[in-house]
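*Asks:* Can you keep this structure in mind? I'll have questions shortly.
The values are calculated or read from the model by the stated rules, or taken from the named source; none is laboratory data. For clarity, every value in this text was computed on a predicted model and none was experimentally measured. Ideal geometry is used to build each Cβ from the backbone, glycine not excepted, and the neighbour counts take in all protein chains shown. We work out accessible area using only protein heavy atoms, side chains counted, and drop any ligands, DNA or RNA first. Shrake-Rupley method; radii C 1.70, N 1.55, O 1.52, S 1.80 Å.
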Amino acid sequence: MNLHEYQSKALFAEYGVPVPEGRVAQSPNEAARAASLLGGGLWVVKAQVHAGGRGKAGGVKLAKSVAEVEAHAKGMLGTRLVTHQSGAEGLPVDHVYVEAGSDIARELYLSLLVDRGAEQIAIMASAAGGVDIEEVAAKTPEKIFTVHVHPAAGLQDFQCRRLGFGLGLDKPEQAELARILRALVRLMHECDAGLVEINPLIVTGDGRVVALDAKINIEENALYRQQRLAGMRDAAQEDERERRAREHDLNYVSLDGNIACMVNGAGLAMATMDLIQLHGGEPANFLDVGGGATAERVEEAFNIILTNANVKAILVNIFGGIVRCDLIAEGVVAAVRKADVRVPVVVRLEGTNVGQGKQLLAESGLKIIAADGLTDAASKAVELAGGGS
Ligand code: ADP
Ligand code: MG
């Protein structure tokens, strides 16, 4: 689960990571009041969306008067901001963050993430901050410094020095960085964060180190013990289908293709997507209805899939190990009937009671295409979808 910049910065402040003073606002009026309360003569109005790249997309604007703050807020609130990370539809701007303008001497990059391969927290830092870090990683990887934090030993002084030195910081700045790194490692652990990214981390004209941007991702599976953070969820920023799926305990991930998949078991779902691609198609989603799929869940899964206008064919691939194929077939028939499915549905069933399941599909009178085996199912689905996206 992603947090907004303003929420992440509030957490930073709690942990002692320096951030500019700021206030969140939901109306132009509120934004103007926030600017007055902050005082000073330079503000930045920042659209709060779950995507980076706001600066280039017009979602971060400098203001030199309260009236200008109000005007920028008015221009952003209620619109959708499209950035290179947001997808073509963009994300709704329901909040803006009004922040005191900082005096930037240098822009650095800093992130902490769970490195699953190493089973440790990895800290990455680069003097090439403010810009696209993916580009730095691709073109000049030597400009990124990485250290791993051993869970038992914790962050070591020499590691802080290595990063500070790599960033070209002077002694007092290095001490400040070390303090920030310790705070962020603690935050990662205590908040069950999977990612903390600060781009840019700045050095100010007077030598302070400050987090100017903030992105935090909280591990979804840990939210049960992070009630306060769970309360910060902003559903408006999330994929509507993914949200609905979560409510029904379905594992769903939106993708860009046009063949919807409905599969039981994550491994089988991955294999199904691979086969669709192998046959020249593009999956519209990953969907694992779970080992204990019931007719109701199959029906809900159909409803979610069908809200995606890109879908040109549906591929149902169920292995009846724990579930029975006849029950799944009933669910599919009921769902196709109820949901007024207009696109072809290819069904591959295998396992317990597969004969009865296939018979139910055949006798339903619906436009359901039975497939024998996974390859047959995938190639039929790709063909019916018109050869992929
Ligand atoms: P994004 O990464 O989504 O583009 P950032 O928060 O990184 O958004 O802001 C983009 C750029 O805007 C920063 O690199 C920085 O140059 C400038 N900026 C952001 N916040 C401030 C601030 N409080 N004071 C001065 N400049 C800022
Ligand atoms: Mg940024």
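*Asks:* Give me the percent of the accessible area of segment 200-263 that comes from carbon and sulfur atoms, probe 1.4 Å, all protein chains in place. Show your work: numbers first, answer last.
*Replies:* Details: 1320 of 3070 Å².
That fraction is 43 percent.
*Asks:* Using the Karplus curve 6.51 cos²θ - 1.76 cosθ + 1.60 with θ = phi - 60°, work out ³J(HN,Hα) for each residue of segment 133-142 in order, rounded to whole Hz, and write x for Gly and Pro.
*Replies:* 6, 4, 5, 4, 4, 6, 9, 9, x, 5
*Asks:* Output needed: percent of Cα pairs per 20 Å distance bin for the chain, bins running from 0 to the one holding the longest distance.
*Replies:* Pair shares across the bins are 25, 44, 27, 4.
*Asks:* Exceeding 18 Å between C-alpha atoms, which entries from my cross-link table qualify? They are K46/K74; K9/K46; K338/K367; K312/K380; K46/K143; K9/K171.
*Replies:* Working: K46/K74 12 Å; K9/K46 13 Å; K338/K367 13 Å; K312/K380 12 Å; K46/K143 28 Å; K9/K171 25 Å.
Pairs exceeding 18 Å: K46/K143; K9/K171.
*Asks:* Still on this structure, I have one more. So for the pair E247, H148, with labels modelled 7 Å out along Cα→Cβ, what separation do we get in nm?
*Replies:* In this crude label model, E247 to H148 measures out at 4.2 nm.
*Asks:* Report the gain in length on full extension from R342 to A266: 0.36 nm times residue separation, minus Cα-Cα distance, nm rounded to one decimal. Kindly include the intermediate steps, with their values, before the conclusion.
*Replies:* Details: separation 76, 0.36 × 76 = 27.36 nm, distance 2.66 nm.
Gain on stretching R342 to A266: 24.7 nm.
*Asks:* List, largest first, the extents of the alpha carbons of segment 239-384 along their principal axes, each in whole Å.
*Replies:* The principal-axis extents, from largest down, are 36, 32, 29 Å.
*Asks:* While we're here: Counting only heavy atoms of the protein chains, get the accessible area per residue of the chain (1.4 Å probe) and round it to a whole Å² value. Each step should come with its number before you reach the end.
*Replies:* On the way: 17910 Å² over 389 residues.
Using a 1.4 Å probe on heavy atoms only, each residue of the chain averages 46 Å².
*Asks:* Here's something else I'd like to know. A370's amide H: which non-local residues (gap 5+, or another chain) put their own amide H closer than 5 Å, with H modeled 1.01 Å from N in plane and none for Pro or chain starts?
*Replies:* Long-range HN contacts for A370: V347.
*Asks:* Which distance in nm do the two modelled labels at T294 and Q156 give, with both placed 7 Å along the Cα-to-Cβ direction?
*Replies:* Rounded to a tenth, the inter-label distance reads 5.4 nm.
*Asks:* Now, a different point. Across the chain, where is the longest run that never hits GluC sites (Glu not before Pro) in a DSSP loop with at most 12 other C-beta atoms within 10 Å? Working shown, then result.
*Replies:* Numbers: sites that count: E89, E119.
Segment 120-389 is the longest.
*Asks:* Another one. Give the percent of DSSP beta bridges with both residues in the chain that are antiparallel, rounded to the nearest 5. Write down the numbers at each step before the final one.
*Replies:* Numbers: 49 of 66 bridges.
Percent antiparallel among DSSP bridges in the chain is about 75.
*Asks:* Report the convex hull volume per residue for segment 22-65, counting only C-alpha atoms, in Å³.
*Replies:* Working: hull volume 3.3 nm³, N = 44.
Normalising the Cα hull of segment 22-65 by residue number yields 75 Å³.
*Asks:* How much of the accessible area of segment 21-101, probe 1.4 Å, is carbon plus sulfur, in whole percent? Intermediate results must be reported in sequence, preceding the final value.
*Replies:* Values: 1980 of 3880 Å².
Carbon and sulfur atoms account for 51 percent of the accessible area of segment 21-101.
*Asks:* Please get the size of the charge dipole for segment 21-101, origin at its Cα centre, with Cβ charges of +1 on Lys and Arg and -1 on Asp and Glu, quoted in debye to the nearest 20.
*Replies:* Rounded to the nearest 20 debye, it is 160 debye.
*Asks:* Please give the helix 28-38 orientation as an angle from the longest Cα principal axis of the chain, in degrees from 0 to 90, rounded to the nearest 10.
*Replies:* On a 0 to 90 degree scale, this one is about 40.
*Asks:* Under 5 Å between amide H atoms, partner at least 5 residues away or on a different chain: which partners does G320 have, H built in plane at 1.01 Å?
*Replies:* It is E350, G351, T352, by chain and number.
*Asks:* Residue-wise, which Karplus ³J(HN,Hα) couplings in Hz belong to segment 219-232, taking 6.51 cos²θ - 1.76 cosθ + 1.60, θ = phi - 60°, and x for glycine or proline?
*Replies:* 4, 4, 6, 9, 4, 4, 10, 10, 3, 4, 5, 4, x, 8
*Asks:* Something else about it: With labels modelled as points extended 7 Å from the Cα through the Cβ direction, what inter-label distance (nm, one decimal) is found for E190 paired with D170?
*Replies:* 3.2 nm
*Asks:* Still on this structure: Relative to the longest principal axis of the C-alpha atoms of the chain, give the angle of the C-alpha long axis of helix 325-338, reported between 0 and 90° and rounded to the nearest 10°.
*Replies:* That helix lies at roughly 80 degrees to the long axis.
*Asks:* Could you state the orientation-averaged shadow area of the convex hull built on the Cα atoms of segment 21-101, in nm² to one decimal?
*Replies:* On the way: hull surface 17.6 nm².
That works out to 4.4 nm².
*Asks:* Scale the Cα Rg of segment 1-156 by the rule-of-thumb value 2.2 N^0.38 Å and send over the ratio, two decimals. Spell out each step's value before the answer.
*Replies:* Details: Rg = 17.5 Å, N = 156, 2.2 N^0.38 = 15.0 Å.
Scaled against compact globular proteins, the figure is 1.17.
*Asks:* Residue separation times 0.36 nm, minus the C-alpha to C-alpha distance between R233 and I104: what's the value? Don't skip to the answer; put the middle values down first.
*Replies:* Values: separation 129, 0.36 × 129 = 46.44 nm, distance 3.11 nm.
Full extension of this stretch gives 43.3 nm more.
*Asks:* Continuing with this model, one more query. Please report how far the C-alpha centroid of segment 336-389 lies from that of segment 14-69, rounded to the nearest whole angstrom.
*Replies:* 52 Å
*Asks:* Related question: Would you mind estimating how fast segment 60-120 diffuses translationally, via Stokes-Einstein at 4 °C and 1.567 mPa s with the Kirkwood radius over Cα pairs, in µm²/s? Working shown, then result.
*Replies:* On the way: Rh = 14.9 Å.
After rounding, the answer is 87 µm²/s.
*Asks:* Now a separate question. Could you tell me what fraction of 2.2 N^0.38 Å the Cα radius of gyration of segment 260-302 comes to, as a two-decimal ratio?
*Replies:* Numbers: Rg = 10.7 Å, N = 43, 2.2 N^0.38 = 9.2 Å.
Segment 260-302 yields a ratio of 1.16.
*Asks:* Can you give me the orientation-averaged projected area of the convex hull built on the Cα atoms of segment 143-245, in nm²? Write down the numbers at each step before the final one.
*Replies:* Working: hull surface 34.8 nm².
So the Cα hull casts an average projection of 8.7 nm².
*Asks:* How many angstrom lie between the C-alpha centres of segment 271-305 and segment 141-188?
*Replies:* If you average the Cα positions of each part, the centres end up 43 Å apart.
*Asks:* Is it possible to state the helix-based mean residue ellipticity at 222 nm for the chain, with each DSSP H run of 4+ residues giving -39500 (n - 2.57), the sum divided by total residues, to the nearest 500 deg cm²/dmol? What is it?
*Replies:* Details: 13 runs with 143 residues, N = 389.
Computed mean residue ellipticity for the chain: -11000 deg cm²/dmol.
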